[in-house]
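Since the structure comes first, as structure tokens, the remarks are kept for the end.
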Amino acid sequence: MTAKSTTSRTAGAGGRVDEPDNQASLVETMPTYNLKAVVRETGLKPDTLRAWERRYGLPRPDRTAGGHRLYSLRDIEMLKWLVARQDEGMSISHAAALWLQLEEAGEDPLTSDASLSGDDPSTTISGVEGNLPALREAWIAACAQFNERAAEKLISEAFALFPLETVCFELLQKGLAEIGARWYAGEMTVQQEHFASALAIRRLETLMLAAPVPHRSGRILAACPPEERHTFGLLLISLLLRRSGWEVIYLGANVPTARLESTLAAARPHLVILSAQTLHTASTMLPMARLLEEERVVVAYGGAVFSQIPALHRRMPGYFLGEKIDQVLSAVERLMSSPGPMPAAEPAGREFRVTLDHYLDRRPTIEARIWDLLKGRSQQFDLNQTTAEMGQNIAAALAFGDLDLLTANLTWVEGLLVNHHIPMSQHLLNEFIQAYHDAARDVLDERGQILVDWLAGAPERILAGST
């Protein structure tokens, strides 16, 4: 459907629209038609037009000096396009979100119907209609081929057939989890994972724009702590909460702790939700959670690391939201109505705080010593990256007061090395840990003895953790 082939235009704001001439494309965005003309052309009621404009930001009429709406030819075609999507079984919220997503991708929705109807053989996937697991597998395959058009078409098909929440859980969330598992197993690349994540996040962001106006009392602030850049989980929770009627201020990735107090004063949230995926970013979340606790703001948290390492729950101030989305939503409902006393966190002991300060002071020297010990192995693994990540995780475990938090992380690294067929992976990992132990023993004094002792027994802990 194009503006030239199907639209009509009037000689005046209230007249009947005639078929366009060849100059229609030059004037299609000119605000010409009043509300009465648009109602006549689209069959939509005035209340419906105003509601769509308010809720979804579509259409986008201009205003006369007297405040009356004026619509363009493109606005009329946009409305017809939205109605056509409804006729195909798509909800208006999904249709509006799809229009915005196509515009954001640089496409004109009015000329993109072929990609939606399946007429383009390059994006037709047979045997998946109405089968969500098959749609998910086809989406994963499209992402593996970096086929953006096919991947977007499959998502659009899923939204046309299933409720929004079902598609978000069963296609996007499970699809990304499966891609992550295949990357860990060495079956997909990190580039493929990033491509899929970007597509999924872009779609969620579009849906956020189309979320209804909040109607429930209370404001929620959602943020990732410093250095956390994985936003899909928090974005999905924010979307579902908005669809449940809550006002959600979504701050996104890598939110600094600095000036958090001024943000709280301006936003005045009833609840703050924080999300971290790694041990390191969980530790950057810790000062944020403590500040919120001091400010008497209810704080809740979640993320992959808290599911992988349950021992972290007793170290983090606030409410753990649960491992599954339905648990998260019910927990938020409870916290917004009657939070009760916030769970207290077990603080790190004084010896761990002393060790942390001493370790951070000597860490550059330790890493330089490791490089001297292992420089002959630098071609077999990324020594700079490995020492940097090890240092971040050691600092995080010391900040939480429990070095055994490192065991799960090192066991995961061992599995990654094996799955990616890195030669002598177990031997290399043990050699690296031994070098770290030797460097720490030589550089740290008695204030670092806790860490030195833990590193001495680390290979046995990893072996136990992987069996």
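What follows is calculated from the coordinates using simple rules that are stated; it is not laboratory data. These numbers were taken from a predicted model, which means no experiment stands behind them. Here Cβ is always computed from backbone atoms with ideal geometry, including for glycine, and neighbour counts include all displayed protein chains.
Structure above, values below:
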read-out: Under 24 Å from the Cα of residue 45 - lysines, other chains or at least 8 residues apart; value: 36, 80
read-out: Estimated inter-spin distance, residue 314 and residue 166, nm [label 7 Å along Cα→Cβ]; value: 4.3
read-out: Gyration tensor (alpha-carbon) shape descriptor, segment 137-256, a/c threshold 1.5; value: oblate
read-out: Label-point gap, in nm, between residue 213 and residue 431 - each point 7 angstrom along Cα→Cβ; value: 6.6
read-out: R0 of 41 Å, Cβ-Cβ distance residue 447-residue 50: FRET efficiency to nearest 0.05; value: 0.05
read-out: Estimated FRET transfer efficiency (residue 191, residue 63; beta-carbon r; R0 45 Å; 0.05); value: 0.45
read-out: Straight-distance crosslink candidates among aspartates and glutamates, where the alpha carbon sits under 12 Å from residue 174 and sequence neighbours closer than 8 are dropped; value: 137
